[in-house]
Amino acid sequence: MSSDLQCHALDMDHLREWIGKSESRHEVIDAFPVRALAGLLDWETVPREGDVLSLAWQWLYFLDAPARATTGVDGHPTRGGFLPPVPLPRRMWAAGKLRSLAPLVIGRAATKVSTVRTVELKQGKAGPLVFVTVAHEFAQDGRTCLVEEQSLVYREAPTGPAALPPGEPAQAGPQWSRPWHADPALLFRYSALTYNGHRIHYDRDYATQAEFYPALVVHGPLLATLLLDALHREQPQVQPRAFEFRALRPAFDTDALSVCGSVDAAGASLWTADAAGNVGVKARATF
C-alpha cells in the first residue's frame, strides 16, 4: 500500500475524538520501586520513605496493568481505551518534558491526572506518522508537584531489515562521558519495574525476527533516566527544575554507549552517543 493510501486509511477525525479525554489515578509512592531502581543504577545510598522522588522516577508508578486477554502479540495493550486506537502497529516514546513545581515525597499518597492533548498526522520518509501528546499532572496533599508532557509516535511496521537513518553527530568535548552498556537482565528488570510488556526489550527472537531490529532495544525512558542519573553524579548539589528529551536513534543491547553532558550557567546539555558518535537521546536540564 502506498504512503498516500495509508494516510487516507487513517480516520483522523475519529482519532481526534480522544482529544480532551482524561483519567485520574491514585497511588502511594511506595519505597520498593525506588529501592529496585536504585539497585539497577548501582546507587550506594538507597532513597527511603520521606525522601524526595528523583525526576523521571515517577515512571515507576501509576502503571497500566492490562489483562492478558487485552494484550497484543507485541506485548503492548491492545489499541483503544484511554489512548486513541491508532491502527499503525509500531508505537514508540518519541519525546518528553518534565517540570518540577514541588517535591514528590516517597511514602505518601499521590494523584496522577492524564489528558490527551493532541493527535496529529505527519508524513515520514517511510510512511505516515501519528503523534499523540499526553499531559500528566502529579499531585500530593492537594498541591501539583510535577507536570509532564509525553509524546508518542505510531508508525508502520517494517517488512524486513532496514538500515538505521543517518545519525546526528554528538557534540564534541563534553565535560563528562560515562561508558554504559545494556545487558538483557538490565533491560528485563527495567521492563518489569515499569510494567512494560513490549517484547522488543527482552525477547530477542521477537525483536529481530518480527520487528527486524538488530538486537534488543534499550528503553527510551531508561536512557533519559540515565542522563539525569549521570547529571546527579556529576553535579550532586543541583536539583533540575525542568527536563526535556527527544529520542533520535534507537540503542541496542549490543551497543557500546556513552552517557555525556556539559553544564552551563542555565542548566545542562545531555546526550547518549553510540560507538560511531551518533546521538541516541538528546536532553536538556534546567536548574
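Quick note: the coordinates plus some simple rules give every number you see, no bench work behind them. Because the structure is a prediction, the values reported are computed rather than measured. Here the Cβ is made from the backbone with ideal geometry for all residues, glycine too, and neighbour counts use every protein chain on show.
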Q | For residue 204, net neighbour charge (Lys/Arg +1, Asp/Glu -1) across residues whose Cβ lies under 13 Å away | A | -4
Q | Whole-number D in µm² s⁻¹ for segment 1-157, Kirkwood Cα-pair radius fed into Stokes-Einstein, 10 °C, 1.306 mPa s | A | 91 µm²/s
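So, counting K/R as plus one and D/E as minus one, what does the shell of residues with Cβ under 14 Å around residue 111 add up to?
-1
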Q | Rounded Å value of the spacing that divides the Cα centres of segment 102-170 and segment 202-247 | A | 14 Å
**Q.** Derived scalar couplings ³J(HN,Hα) [segment 143-158; Karplus, 6.51 cos²θ - 1.76 cosθ + 1.60; whole Hz; x for Gly, Pro]
**A.** 10, 6, 9, 8, 10, 9, 10, 10, 10, 9, 10, 10, 8, 5, 7, x
Q.
So for segment 1-160, averaging the separation of alpha carbon pairs under 8 Å that are six or more residues apart and normalising by length, what relative contact order in percent results?
A. 29 percent
Q. Points 7 angstrom from Cα along the Cβ direction at residue 21 and residue 149: gap in nanometres?
A. 2.1 nm
Q | Relative contact order %, the chain, counting alpha carbon pairs below 8 Å whose residues are six or more apart | A | 18 percent
Q. Could you give the dipole magnitude of segment 81-218 about its Cα centre, charging the beta-carbon of Lys and Arg +1 and that of Asp and Glu -1, in debye to the nearest 20?
A. 180 debye
Q | Count, lysine Cα pairs under 21 Å in segment 1-157, 8 or more residues apart or across chains | A | 4
Q) If you take the charge dipole of the chain about its Cα centre, with +1 on Lys and Arg Cβ and -1 on Asp and Glu Cβ, which of 103, 224, 46 is farthest toward its positive end? A) 103
Q) Roughly how many debye, to the nearest 20, is the charge dipole of segment 161-287 about its Cα centre, given +1 on each Lys and Arg Cβ, -1 on each Asp and Glu Cβ, and no other charges? A) 280 debye
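Which of the peptides 221-227, 82-88 is most tightly packed, and how do the rest follow, going by the mean number of other Cβ atoms within 10 Å of each residue?
Descending packing order for the listed peptides: 221-227, 82-88.
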Q | Positive-pole candidate from 94, 56, 83, dipole of segment 55-103, charges at beta carbon | A | 94
Q.
Using only the Cα atoms of the chain, what are the Rg and Dmax in Å?
A. 18.9, 55
